[in-house]
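Readers should treat all values here as calculations from the given coordinates under stated rules, not as data from a laboratory. Bear in mind that the values here come from a model prediction, so they are computed numbers and not experimental data. We place every Cβ from the backbone using ideal geometry, glycine too, and count neighbours over all the protein chains shown.
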2 protein chains.
Amino acid sequence: MDRDQVEELRSLQDTLYFIGGKWRIPIMNSICNGNRRFREIERSIPGITTRMLSRELKDMEANKLLKRNVYADTPVLVEYEPTEHCRSFGNIISEMINWGRSHRNVVVEREDC
Amino acid sequence: MDRDQVEELRSLQDTLYFIGGKWRIPIMNSICNGNRRFREIERSIPGITTRMLSRELKDMEANKLLKRNVYADTPVLVEYEPTEHCRSFGNIISEMINWGRSHRNVVVEREDC
DNA sequence: TCTTTTGGTATACTTAAGTATAGTAGTTAC
DNA sequence: GTAACTACTATACTTAAGTATACCAAAAGA
């Protein structure tokens, strides 16, 4: 194992740690797709609970992945805005979508046989 | 949420499900980097236990991500070989390495301030 | 007035993922 | 003969992640 591979593995594991669970990437994707409000994001990700969404959003704000803007009109309006840091995940997310798409095709092919 | 976003989310979640835990991507990376034998892969990923490696390799074989070749010389030699399916993850892995690298730089910058 | 919507929090629980540690059977090196 | 390596499996346990459910206050709509 040469030096490069050690550094690559470290970068890889950092990213994986950052992605963490099941929901962060879908949330990033949703926000980058233009969803801004809590219920809007929630509806865009079937199956997520308010608890998980709430926790993730808080954590993501702390990690500078998004900005939480509160507009104190009545009723109060809360919007989550992606940062550049969040958008920098775009390539990973696109690649994941591509992979998932072609993987599904492979599975479908197998099922046809 | 239009049709496209539903399909994208599905692809994304499929991929995330496939990646699963903490170890699969590092294992794929290791094997694609040329590591072939059990102990070789194990040593290339500090912290992994034989149990996790064993489980993952088995699961990955079942999912056609790799081929397990047994050479019945004495002593028996076992080699894990990546399939095209595994290599197709290359883009995701590269993007993750890139992200991890630049994220670390960002963190280092912050620490310097 | 009653229901629904918004933007969440609190509590309790389950399950999946991962860790720690030991052991197996065969082989080779000293 | 004993220590170390290969390629694992087995058992027991911990912890983190996720689920289920209920609830809150304020506002708007029917």
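Once the mean of 1/r is taken over each pair of separate Cα atoms and inverted, segment B:3-112 shows a Kirkwood hydrodynamic radius of 15.7 Å. Pairs from the list A:K58/B:K64; A:K22/B:K67; B:K22/B:K64; A:K67/B:K64; A:K58/B:K22; A:K64/B:K58 with a Cα-Cα gap above 30 Å: A:K58/B:K64; A:K67/B:K64; A:K64/B:K58.
Take the Cα gyration tensor of segment A:47-97, multiply each eigenvalue by 5, square-root it, and list the three semi-axes largest first, rounded to whole angstrom.
On the way: eigenvalues 109, 43, 21 Å².
Gyration-tensor ellipsoid for segment A:47-97: 23, 15, 10 Å.
Identify, among B:W99, B:C32, B:L12, the residue whose Cα sits farthest towards the positive end of the charge dipole of segment B:3-112, taking +1 on the Cβ of Lys and Arg and -1 on the Cβ of Asp and Glu, with the dipole about the Cα centre. With unit charges placed on the Cβ atoms, the residue in question is B:C32.
Between A:E42, A:E95, A:E81, the GNM of chain A built on Cα springs shorter than 10 angstrom shows A:E95 fluctuating the most. Shown for B:M96, B:M60: other C-beta atoms within 10 Å of each C-beta, ranked fewest to most, produce the order B:M60, B:M96. Averaging 1/r over every pair of different alpha carbons in the protein assembly as shown and inverting the result gives a Kirkwood radius of 19.3 Å.
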